[in-house]
Each structure stands twice: as structure tokens, then as C-alpha cells.
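In what follows, a single structure is set out as C-alpha cells and then discussed.
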Amino acid sequence: MGSLYRASKHARSRLRQLSLLSSEPSKLRPLPAPEHPDHPCRRGSCSIAGPAVDLGGYPPERIRNFSIIAHVDHGKSTLADRLLELTGTIKKGHGQPQYLDKLQVERERGITVKAQTVTMFYRRIINSSDINNEEQSDYLLNLIDTPGHVDFSYEVSRSLAACQGALLVVDAAQGVQAQTVANFYLAFESNLTIIPVINKIDQPTADPDRVKAQLKSLFDIDPEDALLTSAKTGQGLEHVLPAVIERIPSPPGKCDSPLRMLLLDSYYDEYKGVICHVAVVDGTLRKGDKIASAATNQAYEALDVGIMHPELTPTGILFTGQVGYVVSGIRSTKEARVGDTLYHARSIVEPLPGFKAAKHMVFSGLYPADGSDFEALNHAIERLTCNDASVSVTKESSTALGMGFRCGFLGLLHMDVFHQRLEQEYGARIISTIPTVPYIFEYSDGSKVQVQNPATLASNPGKRVTACWEPSVIATIIIPSEYVGPVITLCSERRGEQLEYSFIDSQRAFMKYRLPLREIVVDFYNELKSITSGYASFDYEDADYQTSDLVKLDILLNGQPVDAMATIVHQLKAQRIGRELVDRLKKFIDRQMFEITIQAAIGSKVIARETISAMRKNVLAKCYGGDITRKKKLLEKQKEGKKRMKRVGSVDIPQEAFHELLKVS
Ligand SMILES: Nc1nc2c(ncn2[C@@H]2O[C@H](COP(=O)(O)OP(=O)(O)OP(=O)(O)O)[C@@H](O)[C@H]2O)c(=O)[nH]1
């Protein structure tokens, strides 16, 4: 518990400040919906086209920028929905739950993968018991909903850069989970004011007192500071925005300083080009202003400026402390660099600190299923990386798959989501190769290289590998106490080293392990979930490289190595993985006109072998009788299927075979 305890000591002084904050009785009432004539957006003086919104009435002291952070499924997006309804930003019962989860992939998987910002207007009314003495003030609140899964914590840390506070949502029944811990520290290290929200109190198994005790013991959060809510029934929600206004400081920027904006995110729009989400740190941005990028020194004109309320809403202006969007004629992803500082061209400003570069944990080759689609895939990847700057892309080629790309991802789920978005949003059909982590190899000539593609590993016999290192992670695992035994077994099977083991209360154990990254990227989380009946929570942060005993495992078809199927594995696991790869391939490669041998080999030593006997797959076998059109159709279908095959030497490999190999750990 050492590191948690140390950090919680820091937390103590900060949280003490929080408990000093007033909780004077106040009543807050949402503003009328934007379409209402009394809404401040309608009382504005802006004369721009589109919905007029006057942001002039919101100096920094009337602005709060906050994020919602939590472990997966603790209710962030649902809470965000309720706050949007409460402020009239979206209509109640708008029929689209988790409004801010806009991507198809988010809706299908029920997870947030992109942080989303939305501006809300809120009127605070104090002392409402005496209606004549009512005091009211209007606030502009920027809410950023963030993903919960560890693979997207880069999104979280970027979002936090635009905020001064965060709602830390914890499920009242599940209590603190691994990503609650990770997200708490992300927010804490960014110096944000943290408001604990114990959500789902409507559940029969909810135990808010236990969660309060956990928050106290892990983070030294005063139980009095916790808000109790049910985003489902609406219970307790009336206290959330008052707490945001009272406890979270307003943005610190200077209105009269030269403009400095932080580029938070961007995406490509067919008509407008790149749309940049920005946080105005200092100064004012007006439509028509000439702005420049600190990263590229390119200058642009601000063609359209506005807020997300909840969709793009032109305002013509953005003042200090506000979060909004700007369209500036940037057309390529290379120009819109997340973390960049935008400023008025010709003014001299100190660039903002920006963001730490994303650290790629998993690499995989991405190839068009049909080789002639390379340019289309190139275009799709370029567009998509505009909205997901954390993916690294370099071109590569493979003898088996032709021209393609080597992409770096933040984790396996991130990789999966990227593939799905390519297919759903851009209609790309792709084949991806076995994911690998970035290993480091040292050769006999003293040179060291980072190997992101196993196929490139030392094919030169004059260059012997003399040492190798693999990346490791520090994993945090929180589980009900009865599952401790199986989890310890799993972690040691995965070559883990236990660093910490303690209890956060009478029912939950907390463990820290150092594990090789390779061991957790494929299937670790699924197995952890399955041995703990779904009760385990898991998070990790990257740690150092460790020396290791690694070998390159080749797959050969009829004696010919398939570069796209090569993988790097630990010596001790090579035999089992080789066997499994060969078995899986056998199931997915159809019998052909000749015998096919499938082999797994380390160097020249074959460690596993299977044979597929010769026979042409006769699709007409069961097609008796004389219907010629049906026979033609079947042959056509077979021909179509062949197009999706990849030919290695004389062997046709179906796409599915590549997908199957991804599952071998
Ligand atoms: N009973 C109950 N269920 C809730 C409450 N809040 C959210 N849920 C449900 O919990 C599930 C997860 O809610 P989300 O809002 O998607 O959770 P999330 O934290 O945004 O999830 P990720 O985006 O995947 O991190 C959904 O089925 C919600 O309907 C609540 O207060 N009570």
C-alpha cells in the first residue's frame, strides 16, 4: 500500500482545502432550454448567422471547466446525460441514452472511447425561500466526459489539461476499482479539485458508507465531501452542479493577455475540413482572426468559431477560459497537432506545455484485404488519425500481404476500436497481423534496435542477438478477497512479480504486480475476469524495460516463412505458442489441390508441425441435379471467396486465419 499511502499524504493537505469550502444553503435552478426566449443564449448581442450565443456575459469567474472520470461502467456517461438535461442542453427523454457516446463503436460496445466536451448554461439561485430576495447568477459550465478503459487514459489526461476540477464517480455497490485509483491520480497530479460522487445509490446492493470509507482510506477524501447520486433515478443530482460551482476554481487565464489556445482534439469533417477543439487559456479569439500554430508556424484564418452546445454552435467569439471549436482551413491531420498552442499570428507568446507524447504499447501491421485498396486505406487512416492522434503510423511492406502500415496503439482494445472505426466509418476492409510489443535487441556489433515488427528481426546471420529486453508494466488489481489465490496463480503463470498485497477493506484485496507487457496485451484481462467471476478490476501503467529471454517464432507454409505471421515470444512459452498457432491455422486453411505443411520454427529448428492433405474443395459436392444457375452461383461465390484469400507461395490463406492468430497468447 506504500505508494498509495504516500500519495494520499499529499492528497490530505489538498483535500483539507476542499473541506474548508463553503456549503452554504443554496438552491440552483436550471436555465430554460436554449430555445426559450429567456435563455441567456437568446438575450445575446451576437449578430452572427446560426444560433446566436452571447458569451460576453461569462467572464472567467463565471466559468467552470470540469471532467467526469471513473472506472468503466460506473455511470459517467449517464451522469453526463442527466446534467445536460438538468441544464436544458438536451431535452429530457431525447431518446438517445449516453448522448455523448456518439461513435457507432461506442454505442455498440457500450463504452466511451473519445472524450467529448459540451458547454452548458446554468443559472444559480440563492436564498429562494424568500422569493423577493433571490440572488441569481449565470454560469457557463464546460463538461468533458472521458473514457474509463485504461487504453484510453491518454484521452483522459488530455481532457484534464482543460479542466480545473473533476467529478470522480464511484459505483456505490462496486466501490473503488482499479481505474478509480488510476484516474484519481491522473486528476490529482494535474492539480485538479476532485469532487467524489458515489453513484448508483438506487441499487439494492449499494453501500455508500463502505465506499466513503474506501475513499477515506485510499485517497484521504473526507466522507463529508462525497455526493450521493443515482444518475438513473435522478436522486441527489441537484447537489452536483452547486458543488461544481462552489468547489471548483474558475479558469486562471488572463483576459487582457495575447491569445493562447490549447489544441485539445480534432476531427475531419467532409465539408469544413479539420475541426479543432480548443481551450482558450488567455485572450480572446474572434471569427476572422489570423491565428498561427506554434508547432508548425503555419498561419490560418479562424473561419468559424463556436461552442459545443451540444452540437457545433457558432458564437463568433471565444473568451478566456472557454472551451470551444475553431474551423481554420486546416486540411490535413499533420497540421492539427493535439497539444499544440494556437495564437494570434504576429503576436509573441510562450507556447503552452502541451501533452506528453502517447506511449505505444502494442504494434501491429495493417493491410488492405484487397491489395488494390492500399490508397483508399491510406486515406482512411489519415482521416481517422486526425480524430485519434495517439496512433502512430508508418508504411511497411510484407511479402505475404503487400503494401501496408505498421501502427502503434495504446493497448489491444484501442487497436480493436481503431480497426472497427476504420471499417465502420470508412468502409475499409483490413487484415491485421499478430500484435507485438516493442522489444529491444542488442546485436553482436553492439548496436541496439527497437523491434516493432518481428519480421524485421535480424535476418542477417553475421549479426547475432546478444541481449534483449521487453517492456513491463505495473499492474493494479482489485478483487474480492476470496479470489486472491487464483489471481496470484494467474500472475505467476504470466511471469509476474508481486510488489504489493494488502486489503482496502474487509472484503477487497489490492495487489500490485510487475508483469511483462507481452503477457497482458493478449487475453489477460479476459482470463482475470473469468477466474474472478467478473469481479476483478485491473489497470496498469508502463514501467521499465527488463532483460528477457526472447526468440523469434516463424510460421512456415510448405517450407516458406510467412513474414506477416512471425512473432516474438519468451523462450519458455515458445513451444506452447508454436503448437497453438499451427493448430489454429490448420482449422482455417482449406484443403487445396496439394498437401500443405504448416510449421512453427525457431531459426532452423521446427517445434510444431501439421499437415493438410490434398483435395480441392468441391463446392458442388452436394448440388445434385441439373440447375445450372445454382451451380454457377456457387462457383461465383467460391471465386469471390478466393479474392479475399492471401496467397503465400502457392497456398491460399483466408483473412480469418490472420484474425485467429491474434488470439494466441
Ligand atoms: N442502477 C443504476 N444504473 C446506472 C446508474 N448510472 C448508470 N447506470 C447504468 O450503468 C451502466 C453504465 O453506465 P455508463 O454511463 O455507460 O457508464 P460509463 O462510466 O460512462 O461507462 P464507460 O464509458 O464504458 O466508461 C449503464 O447500463 C447505465 O444505465 C445509476 O445511477 N443506477
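The values are calculated or read from the model by the stated rules, or taken from the named source; none is laboratory data. Values in this document were obtained by computation on a predicted structure and should not be read as measured data. Glycine gets a Cβ as well: all are built from the backbone with ideal geometry, and neighbour counts include every protein chain shown. Note: accessible area is taken over every heavy atom of the protein model, side chains too, but ligands, DNA and RNA are not part of it. Shrake-Rupley method; radii C 1.70, N 1.55, O 1.52, S 1.80 Å.
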*segment 193-251: Cα Rg divided by the 2.2 N^0.38 Å rule of thumb*: 1.16
*asked:* At R0 = 22 Å, how high is the FRET efficiency between Lys633 and Phe594 if r is their beta carbon distance? Nearest 0.05 is fine.
replied: 0.25
*About the Cα centre, charge dipole magnitude for segment 302-425 (Lys/Arg +1, Asp/Glu -1 at Cβ), debye*: 460
*Leaving out ligands and nucleic acids, note down the accessible area per residue over segment 187-239 with a 1.4 angstrom probe, in whole Å².*
44
*segment 154-177 residues near the modelled Gln235 label - backbone nitrogen below 14 Å, point 7 Å along Cα→Cβ*: 172-173
*How far is it, in nm, from the label point at Gln560 to the one at Leu499 when both lie 7 Å from their Cα along the line to the Cβ?*
4.7
_Gln450-Ala543 pseudo-label distance in nm [points 7 Å out on the Cα-to-Cβ vector]_ = 2.0
*Enumerate the calculated ³J(HN,Hα) couplings along segment 485-492 in order (Karplus 6.51 cos²θ - 1.76 cosθ + 1.60, θ = phi - 60°), each rounded to whole Hz, writing x wherever the residue is Gly or Pro.*
x, x, 6, 4, 4, 4, 5, 6
*asked:* Suppose each label sits 7 Å from its Cα in the direction of the beta carbon; what would the Ser492-Lys356 distance come out to in nanometres?
replied: 3.2
*Cα-Cα over 24 Å, subset of Lys395/Lys587; Lys529/Lys586; Lys212/Lys359; Lys254/Lys290; Lys92/Lys216*: Lys395/Lys587; Lys529/Lys586; Lys212/Lys359; Lys92/Lys216
*asked:* Quick one: the Cα spread of segment 316-423 along its three principal axes, in angstroms, biggest first?
replied: 53, 28, 23
*Relative contact order of segment 483-561: what whole-number percent is it, with Cα pairs under 8 angstrom and at least 6 residues apart?*
23
*Where Rh is the Kirkwood radius over the Cα pairs of segment 123-248, the temperature 37 °C and the viscosity 0.692 mPa s, what D in µm²/s does Stokes-Einstein return?*
209
_Residue by residue through segment 440-452, what is 3J(HN,Hα) from phi via Karplus (6.51 cos²θ - 1.76 cosθ + 1.60, θ = phi - 60°)? Round to whole Hz and write x for glycine and proline._
10, 10, 10, 9, 4, 7, x, 6, 10, 9, 8, 9, 9
*Which value, in nm² and rounded to one decimal, describes the direction-averaged projected area of the C-alpha convex hull of segment 402-522?*
10.9
_Nearest-20 debye value, segment 370-457 charge dipole, Cβ charges on Lys, Arg, Asp, Glu_ = 120
*On average, how much area does the Cα convex hull of segment 246-295 cover when viewed from any direction, in nm²?*
5.2
*Determine the principal axes of the Cα atoms in segment 451-571, then give the extent along each, sorted from largest to smallest and rounded to whole angstroms.*
59, 30, 19
*In whole percent, what relative contact order does segment 137-263 give with Cα contacts below 8 Å and a gap of six or more residues?*
22
_Averaging over every viewing direction, what projected area does the convex hull of the Cα atoms of segment 464-513 cover, in nm²?_
4.0
_Net length gained if the chain between Gln507 and Asp523 were fully extended (0.36 nm per residue, minus Cα distance)_ = 3.1 nm
*Running Debye on segment 158-210 with equal point scatterers at the Cα sites and no solvent, what base-10 log of I(q)/I(0) appears at q = 0.24, 0.28 Å⁻¹?*
-0.87, -1.03
_If the convex hull is drawn through the Cα atoms of segment 360-435, its volume per residue in Å³_ = 73
*Normalised per residue, the volume of the convex hull around the Cα set of segment 240-344 (Å³)*: 104
